[in-house]
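Below: the structure, in structure tokens.
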Amino acid sequence: MTTTIYIPRDSSALSVGAEKVAVAIAAEAKSRGLDVEIIRNGSRGLYWLETMVEVSTPKGRVAYGPVKVKDVPSLFDADFINAKPHALSLGLTEEIDWIKKQQRLTFARVGVTNPVSLDDYIAHDGYKGLKNALKLSGAEIVKAVTDSGLRGRGGAAFPTGIKWNTVLGCASEQKYVVCNADEGDSGTYSDRMIMEGDPFVLIEGMTIAGVAVGATQGYIYLRSEYPHALVALNQAIEVANKAGYLGDDVLGSGKAFHLEVRRAAGAYVCGEETSLLESLEGKRGLVRFKPPLPAIEGLFGKPTVVNNVISLASVPIILDKGAQYYADYGMGRSRGTLPIQLAGNLKHNGLVELAFGATLRELLYDFGGGSATGKPIRAVQVGGPLGAFLPESQFDTPLDYEEFTKIWAVLGHGGIVAFDDTVDMSKMARYAFEFCAVESCGKCTPCRIGSTRGVEVIDKIRSGKDHAKNIQLVRDLSDTMLNGSLCALGGMTPYPVLSALNHFPQDFGLPAETQAG
Amino acid sequence: MLDSNTPLVDADALISRLITEHQHRPGALLPLLHAIQDNLGYVPESAYPQISKALALSVAEVHGVVTFYHHFRTHKPGRNVMQICRAESCQSMGSEALEAHAKKCLNIDYHQTTADNAITLEAVYCLGNCALSPSVMMNDEIYGRVSPSDLDALIAEAKA
């Protein structure tokens, strides 16, 4: 009898040797005359356990990890293919605490299925959402997305249904759906995991968007740093085209939807939707003035839905199980689930999908297991390089867009980066300005000039030169950038800078008691 | 990738072929530049007039696009390109020490190539491997939880 073994093809798993482990397991099985089939799945997101190898058994999958090439002979000696115990045994995968405690809607299939198998996707409830959508009018689909309460998961948290409704309402011979897959925020990797681990869910979400608003062409604007996602997406698109899930006549509905992946080229600012569109048009990624909104005048001047990967990948389950089912998760005006990415200095980093409302402390300690270095966690940056740094006193804030706004922070794309007590926060503030200077598109002065001046002023503060005056100068400069920048890059760089200054004043040579809120 | 001894006349023919392949796509410039760099390792400035003519752009516009994006380069890199992640997650796990170690071992700074042409060193801002920081990319291979001794091994392999 053939035994099925799962070994991830996910980038992060590959980064710690998954490919070599897969090769070694195949070779060892062959030399022992054992009949095994190796499926390259996505990652379950328990990255400290990668390479996590799973064996299919009648009772469910049994996991082993972290597996290194040197462990392979002993795994076979222990008869792991019959789920026998080994020092690396983790038991039934679904019973692992980290997995059991989650509420996986968008990530339900990631790590479970073969990412590029359409049969597998359909066997695990894939394409139910699209099939339902094809029975509805565009307005009904948009209503379902609006009623679900889904807000853009890319960072700005704008209601997805309202955006779609604008595009639906535009009369145009051509409309587009553009997926923003330029996930450039440090500490975020959920887009990558979806594209590598369940590309069909993104394809399905984009197809539903196209059907809803009357767009026949979709583009996935993918960052160049994700070569494995490019491969997985193109494989899945090819399969979907052949099987009639994409193309001139989607599932015989008479509706066309074509999809193409376009590679970005390493500009962070192209994660901003208007510079992304400029880039897709083959230009420098300069931010556009708004209005007009991209929903009205977007790609090539046509009405365009621009959504993040996770936003689009959350749509199929809404159309499958209904708006209410999705909206029942969450708190306040933050409905549904948020795929949270734990990163940086934590023992157990990985993907945690939960309804909105969990606290940072639960994530950092219950899931993350505290710092990797064993030192106290001193600061946490949430929401990428433009997100605020939070001190320990704010760790009980629930993950909810409005709750974060109240403490002058952002949830962004749900990335959480932890730092231990060796971090120098004036250095992190300097880095925030430096990053903005490297990545500024240059169109607006506050961002272009302000970021470079910011680095200089922080350097003066760090060397103690005209200290009080220069602290005030950072605040004035931040104020100008906040209020005068054209997009979030310049407009939010003050978040990391000022939060570092306000919460960790001693790192800037100020007395600790000046600490604000 | 063509090796460094390939005469540029072949590169011209290749670029012509790539232009023919891509010029009719909407927003063709980025896919075309990617195709050129994938094949040659860089986008030669000598190709600008040809590209600009095919896409009805000015040479300045082509130059503007190539230089706007960190990914594109106008000079041939070393045989291998090593990118070290400088973003926050990797910083929290010691990437600064890793950067310093790499620069010292290779005796170069960012955007430079070693004397033996083995390695070009670049900075990158997030590889999406933040759960396993610090991260390094060597060509298209990503490495997580990279220690200075892991980096030494990668360098030795690239120089071999």
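The values are calculated or read from the model by the stated rules, or taken from the named source; none is laboratory data. Just so we're clear, the structure is a prediction, and the values are computed from it rather than from any experiment. No Cβ is skipped: glycine too gets one built from the backbone with ideal geometry, and neighbour counts run over all protein chains shown. Quick note on the areas: whole protein, heavy atoms, side chains included, nothing else; ligands and nucleic acids left out. Shrake-Rupley method; radii C 1.70, N 1.55, O 1.52, S 1.80 Å.
Volume of the convex hull of region A:7-154 (Cα atoms only), normalised per residue: 139 Å³.
For region A:193-219, list residues with backbone N below 13 Å from a point placed 7 Å from the Cα of A:K290 toward its Cβ? Within reach of a label on A:K290, which here means backbone N under 13 Å from a point 7 Å along Cα→Cβ, region A:193-219 contributes nothing. About its Cα centre, region A:168-292 has a charge dipole of approximately 280 debye under the convention of +1 per Lys or Arg Cβ and -1 per Asp or Glu Cβ, with nothing else charged.
Averaging over every viewing direction, what projected area does the convex hull of the Cα atoms of region A:352-497 cover, in nm²?
Its average projected convex-hull area is 9.2 nm².
Chain B packed on chain A takes about 3800 Å² of accessible surface away from a 1.4 Å probe, both sides summed.
When the Cα atoms of region A:117-219 are aligned to their principal axes, the ranges along those axes come out at 37, 33, 27 Å in descending order.
Normalised per residue, the accessible area of region A:1-127 is 41 Å², obtained with a 1.4 Å probe and no contribution from ligands, DNA or RNA. The convex hull built on the alpha-carbon positions of region A:282-343 has an orientation-averaged projected area of 7.1 nm².
Applying a 4.7 Å Cβ-Cβ cutoff to the protein assembly as shown, the cysteines left without a disulfide-compatible partner are A:C170, A:C179, A:C270, A:C436, A:C441, A:C444, A:C447, A:C487, B:C105, B:C126, B:C130.
Dividing the alpha-carbon Rg of region B:4-81 by 2.2 N^0.38 Å yields what? Present the calculation step by step, with values, prior to reporting the outcome.
Working: Rg = 11.8 Å, N = 78, 2.2 N^0.38 = 11.5 Å.
The value comes to 1.02.
Using alpha-carbon positions, what is the distance between the centroids of region A:144-222 and region A:255-311, in Å? What the calculation gives is 11 Å, centre to centre.
Counting only other chains, and only Cβ atoms inside 10 Å, what mean value do you get across the residues of A:280-290? Each step should come with its number before you reach the end.
Numbers: counts 3, 5, 14, 8, 7, 4, 2, 0, 0, 0, 0.
Per-residue shielding by partner chains comes out at 4.
Think of it as helices only: each DSSP H run of n ≥ 4 in chain A is worth -39500 (n - 2.57), and spread over all residues that comes to -11000 deg cm²/dmol at 222 nm.
For region A:68-110, the equivalent ellipsoid derived from the Cα gyration tensor has semi-axes of 27, 11, 9 Å, listed largest first. Projected onto its three principal axes, the C-alpha set of chain B covers 48, 32, 22 Å, listed from the longest axis down.
Estimate the FRET efficiency between A:R475 and A:R448 by the formula 1/(1 + (r/R0)^6), using the beta-carbon distance for r and 22 Å for R0, to the nearest 0.05.
Values: r = 20 Å, r/R0 = 0.89.
With a Förster radius of 22 Å, E is 0.65.
How many angstrom lie between the Cα centre of region A:444-510 and the Cα centre of region A:1-74? Going from one Cα centre to the other spans 48 Å.
Other protein chain C-beta atoms within 10 Å of residue C-beta, averaged over B:89-99: 6. Just subtract the alpha-carbon distance of A:Q235 and A:M331 from 0.36 nm times their residue separation and send over the number in nm, one decimal. Taking 0.36 nm per residue and subtracting the Cα distance, the gain is 30.8 nm. Relative to its residue count, the protein assembly as shown spans a Cα convex hull of 160 Å³ per residue. Computed over protein heavy atoms with a 1.4 Å probe, the carbon and sulfur contribution to the accessible area of region B:89-129 reaches 48%. The loop-placed trypsin sites (Lys or Arg not before Pro) in region A:417-486, going by DSSP, that have at most 16 neighbouring Cβ atoms within 10 Å of their Cβ come out as A:K465. Proximity of backbone amide H atoms, modeled 1.01 Å from N, is registered between A:I38 and A:I5 at under 5 Å, excluding neighbours fewer than 5 places apart on the same chain.
The distance between label points at A:E392 and A:V23 comes to 4.6 nm (points 7 Å beyond Cα on the Cα→Cβ vector).
Annotation: per residue accessible area for chain B equals 44 Å², rounded to a whole number [probe 1.4 Å, protein chains only].
For the pair region B:47-110 / region B:123-160, the C-alpha centres are spaced 16 Å from each other. In this simple spin-label model, placing a label point 7 Å from the Cα along the Cα-to-Cβ direction at both A:E260 and B:V59 gives a separation of 2.9 nm.
Protection proxy ranking, highest mean first, for peptides A:408-417, A:395-404: A:408-417, A:395-404, where packing is the per-residue count of other beta-carbon atoms within 10 Å, averaged.
Please express the shape of region B:66-128 as an equivalent ellipsoid: the semi-axes are the square roots of 5 times the eigenvalues of the C-alpha gyration tensor, given largest first in whole angstrom. Let's see the in-between values first.
Values: eigenvalues 82, 54, 12 Å².
Its equivalent ellipsoid spans semi-axes of 20, 16, 8 Å.
About the centre of its Cα atoms, region A:420-468 shows a dipole size close to 320 debye [charges on the beta carbon of Lys, Arg (+1) and Asp, Glu (-1) only; nearest 20 debye]. Across peptide A:255-267, the mean count of Cβ atoms from other chains lying within 10 Å of each residue's own Cβ comes to 3.
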